[in-house]
Amino acid sequence: PNGMSLGLGGIAKGYAVDRAADTLRLMGYQDFVVNAGGDLLASGRYKDNLWQVGIKHPRLAGKELAVLPMSGYALATSGDYERPGHILDPRSGLTARRCQSVTILARTAAVADALATGVFVLGPAEGLLLVESMSGVEALIVGEDGSIHVSRGLTNQPG
């Protein structure tokens, strides 16, 4: 319809991060991070340690919810704090409001990006059910009320 547009922000950045990582690997690099504003892929190590990736708190500027040691995974975060109202619930056509933020870890940034947006729309309960049904995917979800929900694989990490 006239005046409408479709944005690929829910998946495009993740896809671009994956392609950039592929290019770096083809060039012979093994230790790197590709970061595209909330979509990130970590490969290899930094000074013999896993990369340390901070997850922003959606309401407390300058604070982190968590710091995750990562390598061989991608991370994407969808939230309502930097661009309010940009994630729509397709069931209602209105702004999705069940979450403050959703961070997804997956093997590819494209999958993490798409799931972060989808889980944001679903909300914590349905979103965690989806994540727990998938292999190699983890989530940290902040509900609309500020409650924190973490998938089993993240809560069972050593350390």
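Order Ser78, Ser147, most accessible first, counting only protein heavy atoms with a 1.4 angstrom probe. Intermediate values should be presented prior to the final figure.
Numbers: Ser78 10, Ser147 40 Å².
My answer, sorted largest first, is Ser147, Ser78.
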- Answer with a single label: of (i) -0.56, -1.17, -1.22; (ii) -0.43, -1.31, -1.42; (iii) -0.39, -1.53, -1.73, which was calculated as log10 I(q)/I(0) by the Debye sum over Cα atoms at q = 0.11, 0.20, 0.21 Å⁻¹ from the structure in view? (ii)
- Run the numbers on region 86-134 and let me know its relative contact order in percent, using alpha-carbon pairs under 8 Å that are six or more apart. 33
- Query: Once both axes come from the Cα atoms, what is the angle between helix 12-26 and the longest principal axis of the chain, in degrees from 0 to 90, rounded to 10?
  - Reply: 10
- Unit charges on C-beta of K, R, D, E only; dipole of the chain, Debye: 140
- Taking the chain as the reference, fit the longest principal axis to its C-alpha atoms, fit the long axis of helix 109-122 to the helix C-alpha atoms, and give the angle between the two in degrees, 0 to 90, nearest 10. 30
- Item | Stretchable slack from Leu154 to Glu132, in nm (0.36 nm times residue separation minus alpha-carbon distance) | 6.8 nm
- Query: Could you give the dipole magnitude of region 98-159 about its Cα centre, charging the beta-carbon of Lys and Arg +1 and that of Asp and Glu -1, in debye to the nearest 20?
  - Reply: 140
- In percent, what relative contact order does the chain have, based on Cα pairs under 8 Å that are 6 or more apart in sequence? 19
- Task: Tally up the carbon and sulfur contribution to the accessible surface of the chain as a whole percent, 1.4 Å probe, everything protein left in place.
- Result: 55
- Message: Which aspartates and glutamates, if any, have their Cα less than 18 Å from the Cα of Lys13, not counting same-chain residues under 8 positions apart?
- Response: Asp22, Asp39, Asp80, Glu82, Asp113
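The values are calculated or read from the model by the stated rules, or taken from the named source; none is laboratory data. Quick caveat, the model's predicted, so the values are computed rather than measured. Every residue, glycine among them, receives a Cβ derived from its backbone with ideal geometry; neighbour counts consider all protein chains shown. Surface accessibility is based on the protein's heavy atoms, side chains included, excluding ligands, DNA and RNA. Shrake-Rupley method; radii C 1.70, N 1.55, O 1.52, S 1.80 Å.
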